[in-house]
């Protein structure tokens, strides 16, 4: 019974690997830029909130 589930899982993994493709350089650049902008935006938001709390409570 457990072997059947394992075989089914391996079959699904093989199907995913067959559909997946390596990203092109342009796709990789775009994803990197978007991720970096998101990280910077969240960091900037946290920094601004920290400054506001520092000004208000100290």
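Applying the set (1) in a helix (DSSP H, G or I); (2) modelled with pLDDT under 95 to residue 48 leaves exactly one unmet item: (2). From the list 56, 40, exactly one residue is surrounded by 10 or more Cβ atoms within 10 Å (Cβ to Cβ) and part of a helix (DSSP H, G or I). Which is it? When all the criteria are applied, what remains is 40.
Just one of the numbered conditions (1) exposed (fewer than 10 other Cβ atoms within 10 Å of the Cβ); (2) in contact with a helix residue (DSSP H, G or I) (Cβ under 8 Å, 6 or more places away or on another chain) is not true of residue 4: (2). Of all residues in segment 25-41, none satisfies being modelled with pLDDT of 95 or more and more than 18 Å from the chain's Cα centre (by Cα). Output yes when any residue across segment 10-19 is at pLDDT below 95, surrounded by 10 or more Cβ atoms within 10 Å (Cβ to Cβ) and not in a helix (DSSP H, G or I), and no when none is. Within segment 10-19 (the criterion being at pLDDT below 95, surrounded by 10 or more Cβ atoms within 10 Å (Cβ to Cβ) and not in a helix (DSSP H, G or I)), the answer is no, since none of the residues qualifies.
The values are calculated or read from the model by the stated rules, or taken from the named source; none is laboratory data. For clarity, every value in this text was computed on a predicted model and none was experimentally measured. Please note: Cβ atoms are built from the backbone with ideal geometry, for glycine as well, and neighbour counts cover all protein chains shown.
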